[in-house]
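**Q** This is the structure I want to talk about, given as C-alpha cells.
The values are calculated or read from the model by the stated rules, or taken from the named source; none is laboratory data. Not measured: the values here are computed from a predicted model. Using ideal geometry, Cβ is built from the backbone for each residue, glycine included, and neighbour counts are taken over all protein chains shown. Just so you know, the surface numbers come from the protein's heavy atoms only, side chains and all, with ligands and any DNA or RNA stripped out. Shrake-Rupley method; radii C 1.70, N 1.55, O 1.52, S 1.80 Å.
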Amino acid sequence: MEYKQIQELIKTINKSNISELSIEEGDFKITIKQEHTANPQFATMPQAPMPVQMPQPSQQPAFATQPPAPVAEKTTAAPVASNTVIIKSPMIGTFYRSPSPDKPLFVNVGDEIKAGQVLCIIEAMKLFNEIESEVNGRIIKVIADDSSPVEYDQPLFLVEPI
C-alpha cells in the first residue's frame with residue numbers, strides 16, 4: 001500500500017463514524033482504530049494483535065506501521081515567546097543535519113535563515129525528506145542530535161525571527 005493511500009484512509013476515517021478498519025494486501029497488514037473521544041488512535045496488527053498508541057495534540061490519529069510510519073510534508077513552527085520560534089519535526093524518522101556524512105551542515109547556531117531554506121533532513125521509510133524553514137530568522141539552538149530518531153512534533157530548532 002502506498003503512502004498516499006494510507007494518508008487518504010486516515011483522512012476519510014477522521015471524517016467518518018468508522019471506529020476500526022483492517023486491510024490486508026499480501027504481507028502488508030494494517031488496522032486503523034479511532035476512538036470517538038479526544039484522543040484518536042492508529043494501530044498496527046503484526047503477527048499477534050498489539051495496538052501501538054501514540055497520543056497526539058491534534059485530532060488526527062497517531063499511527064505506527066511496520067516499516068516506519070508514513071510522513072507529513074510540512075514543517076511546524078510554533079511560537080515559544082514573543083521573540084523565539086520552535087521548528088518542530090513534521091514526522092517520525094531519523095534527523096540529519098547534513099545531506100551526507102562528508103557534506104557540510106545545512107545550518108549552524110548563529111546562521112541566518114530564510115523561509116523555504118532547508119534546515120535538515122528526516123529519513124523515514126528510506127525516503128529523505130528535506131525540512132524547510134517557514135520563518136526568516138537566526139538559529140539560536142539546535143535541539144535534536146544528529147543521526148538520532150525524532151518523533152512527530154518534537155522540537156528540532158530554536159529560531160529568533162528577524
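**Q** Quick one: in region 114-135, which of the residues that are in a loop (DSSP other than H, G, I, E, B) and charged (D, E, K, R) is most open to solvent (accessible area, probe 1.4 Å)?
**A** 126
**Q** Kindly indicate the residue of region 1-29 that is of a type in the set (A, V, I, L, M, F, W, C) and in a loop (DSSP other than H, G, I, E, B) and also nearest to residue 91 (Cα to Cα) among those meeting that condition.
**A** Applying the filter and picking the extreme gives 1.
**Q** Now for a separate question. Can you tell me which residues in region 78-113 are open to solvent by 60 Å² or more (accessible area, probe 1.4 Å), over 16 Å from residue 142 (Cβ atoms) and not in a loop (DSSP other than H, G, I, E, B)?
**A** Within region 78-113, 79 is the sole residue that qualifies.
**Q** Further, regarding this structure: Which residues, taken from region 136-162, are part of a loop (DSSP other than H, G, I, E, B), among the hydroxyl-bearing types (Ser, Thr, Tyr) and exposed (fewer than 13 other Cβ atoms within 10 Å of the Cβ)?
**A** Here is the first cut: in region 136-162, the ones part of a loop (DSSP other than H, G, I, E, B) are 136, 143-147, 151-154, 162.
Now restrict to residues that are among the hydroxyl-bearing types (Ser, Thr, Tyr): 147, 152.
The answer is 147, and nothing else.
**Q** May I pose another question? Pick from 66, 60: which is in contact with a helix residue (DSSP H, G or I) (Cβ under 9 Å, 6 or more places away or on another chain), modelled with pLDDT under 95, open to solvent by 30 Å² or more (accessible area, probe 1.4 Å) and in a loop (DSSP other than H, G, I, E, B)?
**A** Details: 66 fails: in contact with a helix residue (DSSP H, G or I) (Cβ under 9 Å, 6 or more places away or on another chain).
From the options 66, 60, the qualifying one is 60.
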